[in-house]
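Everything below concerns the one structure shown next.
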Amino acid sequence: MNLAERIVNIPPSATLAINAKAQELRSKGKKIISLAVGEPDFTPPKEVKEAMLQAVEQGYFRYLPVPGTLELRQAGARYFQHFYGVEAKATEIMFSNGGKQCLYNLFQVLLNPGDEVLLPAPYWVSYPPMIQLSGGIARVVPTRVEDNFKLKIEELEKQVSPRSKMLILNSPSNPTGITYTQEELEELASWAISKGLIVISDEVYDQLVYAPFKPASLASFWQEHKESVAIVNALSKSFAIPGLRIGFVLGAEKLIQAMTKLQGQSCSNICSIAQAGALAALQGDFSFLERERQSLQERRDLAWNFLTELGLKCPRPEGAFYLFPQVKDFFKGEIKNSTDLCAYLLEEAEVALVPGIAFGDDSCLRISYAVQQEVLREALNRIKQALTKLT
Ligand code: GLU
C-alpha cells in the first residue's frame with residue numbers, strides 16, 4: 001500500500017513513542033522508571049470523577065454541539081475571567097481533544113501552503129509535524145541555554161520574512177519549563193503584531209508556576225487584539241486528566257467558527273462524558289491547583305538541585321514539570337548524541353527520558369519530574385550512576 005506523502009514525511013511523536021517503549025519494557029519485567037511523558041501522577045479532584053459517573057448513570061451519550069456544550073463554553077470563559085479578568089463570550093471558546101487538537105485545528109484553519117511559522121526552540125515535539133501537515137513551514141528561532149532559553153527579539157528579527165504568518169509562544173515551556181512574565185509575553189506579542197503576525201499562545205501549563213512567579217497569559221492582550229491572538233489551554237496537566245483529552249481555545253468568533261467547521265468534519269464533539277468531567281473541573285474552586293503547584297515545586301527543587309550538583313548546566317524552571325539539562329559533555333565514543341544517551345540511560349539505568357533532538361536541541365535531554373519524590377530520587381540516583389560510568 002502506498003501511503004500518502006503527508007504521513008510518510010512526518011515522524012511519530014517522540015514523547016509517546018518513548019512512553020510506549022517504557023511500557024513495553026515494563027511488561028517484560030524490567031524495572032523501568034519513566035520520566036519521559038508529561039503526565040502528572042496526581043489523583044484528579046473527586047468532583048470530576050463524580051460528574052462523569054453521574055453522566056454515565058444518566059445516559060449522557062448523545063451527540064453534543066461540536067465546540068462543546070454552551071454550559072462548558074461558559075465555564076471555559078469563566079476560567080479566563082477568574083484568573084485573568086477577561087470577559088469572553090461562550091462563542092469565543094471551543095473545546096477539542098486536548099491541547100493537541102486545538103493546535104492542530106488552529107494550524108489547519110490559519111495556514112496556507114508556504115506560510116511560515118516562527119517557532120522558538122527548544123519547542124514541543126508536535127509543533128513541527130502539525131505545521132507541516134497544514135502545509136506551513138516552521139522557521140526555527142533558536143534560544144540559548146546561557147540566556148535561560150529566553151527568546152530574543154533580535155533572533156525573531158533574523159527569521160521573520162514576508163512569508164511569516166504566525167509566532168508560537170509556549171510559556172511555561174515544554175520542554176524547558178522556562179516561564180515568561182506578563183510583561184515579557186506582551187512584549188513578544190506586541191512585536192509579532194507590529195509585523196502583522198498571528199500569535200498562538202500555548203498556555204497549557206499556565207497554572208503550574210512556582211512562587212514568586214504568578215500565572216501569566218496573553219488572554220488580556222487578546223481582548224485588545226482578537227484578530228491576531230489565540231490562546232490554547234487544556235485540563236490534562238492542570239487537573240491531572242490527560243487521558244480525558246480536554247483542550248480549549250480562546251479566540252475570535254470567526255476563528256472559532258472556522259475550527260468548529262473543521263472539527264465538525266473530522267471528529268464532531270469531544271467525548272460527552274469527558275465534557276461532564278471538564279465542566280465539574282472548570283466550575284470548581286480551583287483549590288486543587290494550589291496543592292498540585294506546591295507538590296511540583298518540591299519535586300522541581302529536588303530534581304534541579306540534584307542535576308546542578310552533578311554539574312549539569314540546566315536553567316532553573318519557573319513552571320511546568322520539565323527539566324532540560326545540557327548533556328553534550330557525555331557524547332563520547334559510542335554515544336554520539338542525545339538519542340544515543342537516552343538509549344544508554346534506558347538500558348543502563350532503566351530510566352526513560354526524551355532526547356533533546358525531539359525538541360530541536362540535540363545537546364540536551366528532557367526529564368519530566370511529575371512523579372512521586374521517592375521515584376524521582378531513585379531515578380536520579382540511577383541516572384547519576386550511569387553517567388558516572390561514562391566519565
Ligand atoms: N505533552 C506531553 C509531553 O510532551 C504529553 C505527550 C504528548 O502529547 O506529547 O510529554
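The values are calculated or read from the model by the stated rules, or taken from the named source; none is laboratory data. The model shown is predicted, which means the values in this text are computed figures rather than measured ones. Cβ: placed from backbone, ideal geometry, glycine included. Neighbour counts: every protein chain shown.
A few comments on the model shown:
- Failed item, numbered, when residue 187 is tested on (1) in a helix (DSSP H, G or I); (2) of a type outside the set (Val, Ile, Thr); (3) modelled with pLDDT under 95: (3)
- Residue within region 26-35 that is under 28 Å from residue 206 (Cβ atoms) and within 15 Å of the ligand (Cβ to nearest atom) present: yes
- In the set 295, 268, only one residue is touching a residue at least 24 places away in the same chain (Cβ under 8 Å) and outside any helix (DSSP H, G or I); that residue is 268.
- Restricted to helices (runs of 4 or more DSSP H) entirely inside region 90-183, those with at least 2 residues that are free of Cβ contacts under 8 Å to residues at least 12 places away in the same chain are 153-159.
- The condition of being more than 16 Å from the ligand (Cβ to nearest atom), among the polar types (S, T, N, Q), out of contact with any Phe, Trp or Tyr (no Cβ under 7 Å at 6 or more places or on another chain) and closer than 25 Å to residue 294 by Cβ holds for only one of 81, 54, that being 81.
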